[in-house]
Amino acid sequence: MVGLMAAKLDSTPSTKQKVYQRMFEHLAMGDHTAVANLIVSKVGNNLKYWPEEQDIVGKTLELLLDMAAGYSSSKLLLTLETIRYLARHHTEDQFPFLAVPANVRHRTTFHATLARLLLSPGGEEKLGLSFEQFVEPIITSLGRIGSLPSNELRNEAARRPLIGIFRDLRGISSSLHNRRTYCLLFDLLYPQHLPLLAKLADVWHDQPDVMISVLRFMHEFCHNKANRVNFDQSSPNGILLFRYTSDIVCAYGRRVLATPIRDSQEIDIYKQRYKGIALALNVLNSALGGNYVCFGVFALYNDPALENALDVALQLVLTIPLEDVVAYPKLSRAVFGFIEILFRNHVKTVMALDTSVFMQIMSTIHEGLQSSDAALSSMCANAIDHLATFSFNNSGKDKIEVHNLTKHVNSQPNLFSSLMATLFNLLLFGAPQNHWAVMRPILSLMLASESSFTAYKDHLLSSQTPENQLLLNEAITKLLQDVNRSLDSANRDRFTQKLTAFRIAARSFLTL
C-alpha cells in the first residue's frame, strides 16, 4: 500500500492502483492521503504507547523508514501533521521508547528517518522546521555534558544520555548525503563539541556500551560517502576533523593498551576489547581513506596528529594474536583494512618500522591472503601490490625508506618468494572467488623480484611429468610474451588477461 500511495501521486494510475482505490472506497477509508495519515498516526501511537515492546517499535520504525525511502512517498509524508509532530518532538518526554535502554538501536533508525525527510527537497519548508532547530535538543544535551568538569564526566547519570546522544547523531549523520547537509552538522559540532569526544574516550574507555556509541558515530561522521566531506579550498576543516579523529583514537587506544589483557575464558574478549579496537580502526580507516586531508601538512608543520594515530593503531593491531584476528570477521576487516591503507598511502611509516614488526605485519598479510573471504584476500593482495610497486619503482634510489626495505628483505630473503608461491597457488588451485584479487600483485611482484618467479616456476616444473613440463613451459612463454617492464594500467590489464588464459590452460593438465 505504501507503494500505491507513492504511485498515486502520478497522473495515470495503474490497474493495481485502481484495485486498491476501489478497496479504499468500499472500506470508506478515504483517498490515499487519508490512508497514509491513518498509517502514520498508527506509527506515532505505537512509538508513544508501546515503548517497552521492542518488536513493535522495531517493526514500526522499519515501516516508517520504508515509507521515507521512496521519492514520491516521502513527499506524501511531508504533508502529514503526524510527521510534523514527530520532527518537532523527537525527545524522550514525548516518545518514551527513546528512554528504554534496549531500544538504543532504534534511536538511530528513528533519527535517520526523520533527518532524511527533513533534508529531502522542500523538507524544511514543508515541516516548518530548520535543521538547526531539529538538532537543537541533542546539541543542548551534549552541551550540558560537555560543561561538566573532567572529573565528573565519568558519572553514571551521564551514561544513558551519552549513549542516546551519539546514537541519535549517528542516525542523523547517516542521512547526510551531500556537502551542504554534512556542513550543517559539522558547523553545529565544531568547535564547541568535537573536543569532548576525546575526553569521553579517555574516561569511558572500559565501558563498551558508551564507547561503541561514540565510535560508531565517529565512524559515520568521518565516512566520506558521496564525497560529502568536501570543504572549501581555503578551509582547514578537513585537517581539523582528522585532528579530532586522531585525538579520539589515541585517547581510546592508549587506555586500551595500558589495560592488562584478561583471560578470554573469564570475559567476553570480543565485547570487552576487540569490538572497540575494531571500531577505533574503522574510524581511522574512514579518515585515512576519505580523501579530504592532505597528510603531508602534518609533517611539514610538525603536527604529530598523523604520526600518533598511526602509531597507536599499529600497536593495537600488534597486540591481537593472529588467530584472534582471523576468528572475528569484523575485527579482520578492520585490521586488514588498516594495513591496506597503511601500505597504500603511508609506506614511509611502514618502512621505518623495526624489522621484527615489519615481518609480523607481513605474516599477518600472508595469512589473510589465504582467507576464504574474498574481501579480506583482496585487501591483503592490494597491500602486497603496494609494497611490490614501491620496491620496483624505487629500486636503486638513494632513499632512506628504500634502504629500510632492503634491510627488512635481507633479514628474510624468502619473503617475496613465499608471497609469489602463495599467489600462484591461489591462482591455479584456489577458490574461484579469489582469482581476481590475487592477480593484481603478481606482475608488480615479478618485476620487483624476478628471482621469486623463477624459483616458483622451477618448483612447479619439477612437480610435473615430462609431458606436462613441456605444456607448462609453453603456457609460461605465452604468459610472458609482450609483457613490458612497466606497471602502467595498459600493461597491468594486458598481463591480467594473460594470467586468466594461463590459469585456464594450466589447470587443464597440471597435476597436484
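The values are calculated or read from the model by the stated rules, or taken from the named source; none is laboratory data. Quantities reported herein were computed from a predicted structural model and do not represent experimental measurements. With ideal geometry, Cβ positions are generated from the backbone for all residues, glycine too; neighbour counts draw on all protein chains shown. Each accessible area value is taken on the protein alone, full model and side chains, heavy atoms only, with ligands, DNA and RNA left out. Shrake-Rupley method; radii C 1.70, N 1.55, O 1.52, S 1.80 Å.
Is it true that PRO329 is under 27 Å from THR364 (Cα atoms) and either open to solvent by 20 Å² or more (accessible area, probe 1.4 Å) or modelled with pLDDT of 95 or more (or both)? It is true that PRO329 is under 27 Å from THR364 (Cα atoms) and either open to solvent by 20 Å² or more (accessible area, probe 1.4 Å) or modelled with pLDDT of 95 or more (or both).
Just to be sure I understand, how many residues within region 142-163 are assigned to a helix (DSSP H, G or I) and open to solvent by 30 Å² or more (accessible area, probe 1.4 Å)? The number of residues fulfilling the criteria is 10.
Restricting region 488-500 to residues that are open to solvent by less than 60 Å² (accessible area, probe 1.4 Å) and within 13 Å of HIS435 (Cβ to Cβ), the residue that is nearest to the chain's Cα centre (by Cα) is THR496. The residues of region 49-60 that are surrounded by fewer than 19 Cβ atoms within 10 Å (Cβ to Cβ), assigned to a helix (DSSP H, G or I) and over 26 Å from the mean Cα position of the chain (by Cα), listed by number, are TYR49, GLN54, ASP55, ILE56, LYS59.
Results for (1) open to solvent by less than 20 Å² (accessible area, probe 1.4 Å); (2) touching a strand residue (DSSP E or B) at 6+ places or on another chain (Cβ under 9 Å); (3) outside any helix (DSSP H, G or I), shown as yes or no for each residue.
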residue: GLU62; (1), (2), (3): no, no, no
residue: THR79; (1), (2), (3): no, no, yes
residue: ARG84; (1), (2), (3): no, no, no
residue: GLN94; (1), (2), (3): no, no, yes
residue: HIS106; (1), (2), (3): no, no, no
residue: LEU114; (1), (2), (3): yes, no, no
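Here the condition is being aliphatic (A, V, I, L, M), open to solvent by 30 Å² or more (accessible area, probe 1.4 Å) and within 25 Å of ASP354 (Cα to Cα); of ILE261, ILE277, ILE267, it holds for ILE261 alone. The set of residues in region 467-485 that are outside any helix (DSSP H, G or I), open to solvent by less than 90 Å² (accessible area, probe 1.4 Å) and in contact (Cβ under 8 Å) with a residue 24 or more places away in the chain contains only VAL483. The residues on offer are ARG107, ARG154, and the sole one that is under 29 Å from PRO260 (Cβ atoms) and of a type in the set (D, E, K, R) is ARG154. Count of region 439-450 residues, restricted to those that are hydroxyl-bearing (Ser, Thr, Tyr) and open to solvent by 10 Å² or more (accessible area, probe 1.4 Å), is 1.
Within region 419-434, residues that are among the polar types (S, T, N, Q) have Cβ atoms under 8 Å from residues that are in a helix (DSSP H, G or I) and open to solvent by less than 10 Å² (accessible area, probe 1.4 Å) in these pairs: THR422/LEU369; ASN434/SER377, counting only partners at least 6 apart in sequence or on another chain. Among the residues making up region 451-466, those that are free of Cβ contacts under 8 Å to residues at least 24 places away in the same chain, open to solvent by 50 Å² or more (accessible area, probe 1.4 Å) and not small (Gly, Ala, Ser) are THR454, LYS457, ASP458, PRO466.
Matching residues to (1) surrounded by 17 or more Cβ atoms within 10 Å (Cβ to Cβ); (2) in a loop (DSSP other than H, G, I, E, B); (3) in contact (Cβ under 8 Å) with a residue 60 or more places away in the chain:
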{"site": "HIS177", "(1), (2), (3)": "no, yes, no"}
{"site": "LEU185", "(1), (2), (3)": "yes, no, no"}
{"site": "ALA198", "(1), (2), (3)": "yes, no, no"}
{"site": "ALA201", "(1), (2), (3)": "yes, no, no"}
{"site": "MET211", "(1), (2), (3)": "yes, no, yes"}
{"site": "MET218", "(1), (2), (3)": "yes, no, yes"}
{"site": "VAL229", "(1), (2), (3)": "yes, yes, yes"}
{"site": "SER234", "(1), (2), (3)": "no, yes, no"}
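Take region 342-378 and flag every residue that is touching a Ser or Thr at 6+ places or on another chain (Cβ under 9 Å), closer than 17 Å to LEU314 by Cβ and open to solvent by 40 Å² or more (accessible area, probe 1.4 Å). Matches in region 342-378: SER356 only. Among the numbered conditions (1) crowded, with 22+ Cβ neighbours inside 10 Å; (2) over 16 Å from ILE361 (Cβ atoms), the only one that VAL335 does not meet is (2). In summary, helices (runs of 4 or more DSSP H) completely within region 343-444 and bearing 2 or more residues that are modelled with pLDDT under 95, on the phi < 0 side of the Ramachandran plot and hydrophobic (A, V, I, L, M, F, W, C) occur at 374-393, 415-429.
If you go through region 280-299 and keep only what is under 18 Å from ALA327 (Cα atoms) and either among the aliphatic types (A, V, I, L, M) or surrounded by fewer than 18 Cβ atoms within 10 Å (Cβ to Cβ) (or both), you end up with just LEU281.
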